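Inspection log for the structure reproduced underneath, given as structure tokens.
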Amino acid sequence: MKKNNSTLLSSFIFFCFCLPTSLFAQKNYISIEGGRFYGGVESKLNSAMSSAGFGDRISYRLGDIIPFIDIFPDLGSISLNDQYPKNSHNKGISWIRYGRELKNGKFIELSYGKMKSSVEGFDVTSTDNISDGNRLKYTFGISALTAHYIFSNKVRSLAIGIGPALAFDAITREANTIADKKNALQPGISSTASWRFINGKVFFMALRGDAMLFAPASIEAVTLTSPNQVKSTFNGTKVNSLIGDITVSVGFKF
């Protein structure tokens, strides 16, 4: 028992002795990032939906969608408009990164990121009834892995890098009331650039941008039928070939 305690104490003392040296070396870093994405599904899918007739504008009164509000004529007559296609993005942490310096300002970095966005289209099939039409929505949940070989300047404040990337894309389609889901695997290449505007011995903050080029994911053709049995056809397309972002990074060196 005493021998085990002595071994544990010796290991702890050795760890404490080595810890300041490892902190001083600062060969590693870890960071989290959040920001704004561009590219991805929106541009190509918006264009494909508009071409297929899912880019209509819907105008209606508040009284058409809220029962009994017409007892207040001023409220019931308020006009509302929805222009399709409509896009949405997720918010929150975008990337978690770990990097290690190899030598002379050259780093290897591994990153994991999550991105989510959706595009919704609507094809009006009747001028007399705004509720009659076909709704088509795609939601994309992308988990991405990248590995960058990074070159930085002498003070490690400016850096650029390039390396392979891999995206796991979960695609959910809502065609009126019918939903289905498929997964796509997209290999690609990633480039990155960053500027650490706060670059302390342990803590840093950075402005960063990434551009990732992936093999595109295929969206199959689908035909929808409205409540009045009018059909609308989406011809399909390919999406997610180029995804980029601008983020703010917060990290620690160790």
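Assorted remarks:
- Search result, residues across the stretch 88-111 that are hydrophobic (A, V, I, L, M, F, W, C) and in contact (Cβ under 8 Å) with a residue 24 or more places away in the chain: Ile93, Trp95, Ile96, Phe107, Ile108, Leu110
- Taking the stretch 185-254 and the strands (runs of 3 or more DSSP E) fully enclosed by it, the elements with 1 or more residues that are touching a helix residue (DSSP H, G or I) at 6+ places or on another chain (Cβ under 9 Å) are at 217-219, 231-234, 237-239, 242-253.
- Whichever residue in the stretch 133-156 is aromatic (Phe, Trp, Tyr) and open to solvent by 10 Å² or more (accessible area, probe 1.4 Å) and, among such residues, is farthest from Val222 (Cα to Cα): Phe151
- Some residue of the stretch 205-219 being more than 17 Å from the chain's Cα centre (by Cα), within 22 Å of Pro187 (Cα to Cα), among the aliphatic types (A, V, I, L, M) and surrounded by 15 or more Cβ atoms within 10 Å (Cβ to Cβ): yes
- Pairing residues of the stretch 166-192 that are open to solvent by less than 60 Å² (accessible area, probe 1.4 Å) with residues that are basic (Lys, Arg), at Cβ distances under 6 Å and at least 6 apart in sequence or on separate chains, gives Ile171/Lys182; Thr172/Lys181; Glu174/Lys137; Asn176/Arg135.
- Counted residues, the stretch 116-135 - those being at pLDDT 90 or above and of a type outside the set (Gly, Ala, Ser): 6
- Scan the stretch 228-254 for residues that are under 16 Å from Ser218 (Cβ atoms) and of a type in the set (Phe, Trp, Tyr) and the total you get is 1.
- Strands (runs of 3 or more DSSP E) (entirely within the stretch 1-112) containing at least 2 residues that are at pLDDT 85 or above and open to solvent by less than 70 Å² (accessible area, probe 1.4 Å): 28-39, 95-103
The values are calculated or read from the model by the stated rules, or taken from the named source; none is laboratory data. Small disclaimer: the values here were computed from a predicted structure and weren't measured. Cβ sites come from the backbone with ideal geometry, for glycine too, and all protein chains shown count toward neighbours. Note: accessible area is taken over every heavy atom of the protein model, side chains too, but ligands, DNA and RNA are not part of it. Shrake-Rupley method; radii C 1.70, N 1.55, O 1.52, S 1.80 Å.
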